[in-house]
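Please read the structure below before turning to the comments.
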Amino acid sequence: MNDPIETAIVSLDPATTALAPVLTGFADLWSESLGPAMPISSSFVQYNLQSSTGVVRRLFVAEADGRMVGAALATALHGEPLVTEHGEGWVDALVVAPAVQRRGLGRRLLGEAERWLAAQGCRSVQIGGGLRPFAPGAPQASGSADFFVHCGYTSFEVAWDMAANLAGYTPPALREAPCTVAPATARQADALLAFLRREFPGRWRYEAEMLLAGDGRLADFMLLWTARGVDGCCLLTFPDSRHPIERFYPYQLPKPWGQLGSIGVSADCRGQGFGAALLDAGLRRLHNNGINGCVIDWTTLVDFYGKFGFECYRAYVMLGRTLPA
Ligand SMILES: CC(C)(COP(=O)(O)OP(=O)(O)OC[C@H]1O[C@@H](n2cnc3c(N)ncnc32)[C@H](O)[C@@H]1OP(=O)(O)O)[C@@H](O)C(=O)NCCC(=O)NCCS
């Protein structure tokens, strides 16, 4: 290792700090550290730092010569045991400016984030994949997974963003499934949330509640209806959705950009063609709205989405560790 960098680390609570300079500093630092394929804007940082029920965050920042050179963002969630089944908290981002890497700053920032998460009662930490994520895990191309393993983390999976150009979207042969799929309409929020509480009561239910409690657009959800009611849903992102398309780093794909996911059907309806019908309806809606480059993010179902023309686009290494009691 090179000479350790002694810069002080400052701890900020995004809920109570005047953030404007921090937003720009953080966006610039992320964009420089992750390279040209994964830039972010300060408005995306601001979106990801907005408060949500039960969420507490801490941003650890190191500056040198008046500029942010390192940052770690830690997130914990209280009062939602179905979302944090393993007592997990998240290091949503850990970035060190290339010019000062390999001088101990990343390890110090990670240590600060872990100590703060432990003090919040978290029993484990995951890298990325938080409630307003910058990425599902450590982007494989960044090479940072080895750093986390070096710091005591275990890598347990590789997850993919997959992508397709929907300009010429043609569905694969689909089974007849007794269902209809349509965008959610104004009076269907309760039906959507009842479905999610029943079938996906953890993160997906929480995320939908937060989206709709903010100014998220109900019609960005597609609902799958069977004779008994809502039995599936998927979320779409359009260029004008409230939740930002930036989150999916679509920049290597043809514009306009869109996204699909999460997507799920009731447990007792699986294996009967409902999921494919829902996916197809979502992709056709994106196509009909002129979307070309489309991302299906954070998945391991490479073969399923491959049948619909999607290819692996970006890999993330999922990493975690337990915290000392
Ligand atoms: C990952 C990152 C934060 C590491 O920061 P850093 O300040 O360079 O790391 P440190 O100097 O604290 O390194 C601590 C130890 O890990 C090792 N290490 C650092 N980067 C490594 C890497 N890419 N591969 C393997 N080991 C690495 C160091 O050699 C050091 O080992 P030592 O303590 O035995 O001497 C930095 O490389 C970065 O910002 N990368 C791009 C952003 C990114 O991908 N972040 C993850 C997404 S959230």
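DSSP loop (so not H, G, I, E, B), at most 14 other Cβ within 10 Å: list which chymotrypsin sites (Phe, Trp or Tyr not before Pro) in the range 238-299 pass both filters. When the chymotrypsin sites (Phe, Trp or Tyr not before Pro) of the range 238-299 are filtered for loop state and at most 14 Cβ neighbours within 10 Å, Y251 remain. Taking the inverse of the mean reciprocal distance over all distinct Cα pairs, the Kirkwood hydrodynamic radius of the range 283-325 comes to 13.0 Å.
Using only DSSP helix segments of four residues or longer, with each worth -39500 (n - 2.57), what per-residue ellipticity at 222 nm results for the chain after dividing by its residue count and rounding to 500? The partial results should precede the final answer.
Working: 8 runs with 86 residues, N = 325.
When only DSSP H runs of four or more count, the value is -8000 deg cm²/dmol.
Taking the Cα atoms of the chain, the ratio Rg/Rh between the radius of gyration and the Kirkwood radius comes to 0.98. How large is log10 of I(q)/I(0) for the range 4-67 at q = 0.24, 0.27 Å⁻¹ when the intensity is taken from the Debye formula with one equal scatterer per alpha-carbon? Treating every Cα as an identical point scatterer, log10 I(q)/I(0) equals -1.14, -1.27.
Two decimals is fine: what's Rg over Rh for the range 9-134, C-alpha atoms, Kirkwood radius as Rh? Mind dumping the intermediate values first?
On the way: Rg = 13.9 Å, Rh = 14.6 Å.
Answer for the range 9-134: 0.95.
Between the listed residues A71, L253, V295, the Cα displaced farthest toward the positive end of the dipole of the chain, a dipole computed from Cβ unit charges relative to the Cα centre, is found at V295.
Any chance you could run the full-extension gain for T180 through F156? It's 0.36 nm times the residue separation minus the Cα-Cα distance, nm to one decimal.
Working: separation 24, 0.36 × 24 = 8.64 nm, distance 3.70 nm.
My answer for the length gained is 4.9 nm.
Using only the alpha-carbon atoms of the range 192-277 as identical scatterers, what base-10 log of I(q)/I(0) does the Debye formula give at q = 0.14, 0.25, 0.26 Å⁻¹? Debye curve over Cα of the range 192-277, log10 I(q)/I(0) at q = 0.14, 0.25, 0.26 Å⁻¹: -0.52, -1.25, -1.30.
Would you please put 123-136, 48-61 in order of how densely packed they are, using the mean number of other Cβ atoms within 10 angstrom per residue and starting with the highest?
Working: 123-136: 21.8, 48-61: 18.9.
Going from most to least packed, we get 123-136, 48-61.
Measuring with a 1.4 angstrom probe and ignoring ligands and nucleic acids, H78 comes out at about 80 Å² accessible.
Place a +1 charge on the Cβ of each Lys and Arg in the chain and a -1 charge on the Cβ of each Asp and Glu, then give the dipole magnitude about the Cα centre in debye, rounded to the nearest 20. Write down the numbers at each step before the final one.
Values: 27 positive and 31 negative charges, 68 e Å.
The dipole magnitude comes to about 320 debye.
Using the Stokes-Einstein relation with a Kirkwood hydrodynamic radius computed over Cα pairs, the translational diffusion coefficient of the range 163-315 at 20 °C and a viscosity of 1.002 mPa s comes to 137 µm²/s.
Stretching the chain fully between R242 and N288 yields a gain of 14.6 nm (0.36 nm per residue, less the alpha carbon separation).
The values are calculated or read from the model by the stated rules, or taken from the named source; none is laboratory data. Everything numeric here is computed off the predicted structure, so don't read it as measured data. Here the Cβ is made from the backbone with ideal geometry for all residues, glycine too, and neighbour counts use every protein chain on show. To get the accessible areas, we keep the full protein, side chains included, count just its heavy atoms, and leave off ligands, DNA and RNA. Shrake-Rupley method; radii C 1.70, N 1.55, O 1.52, S 1.80 Å.
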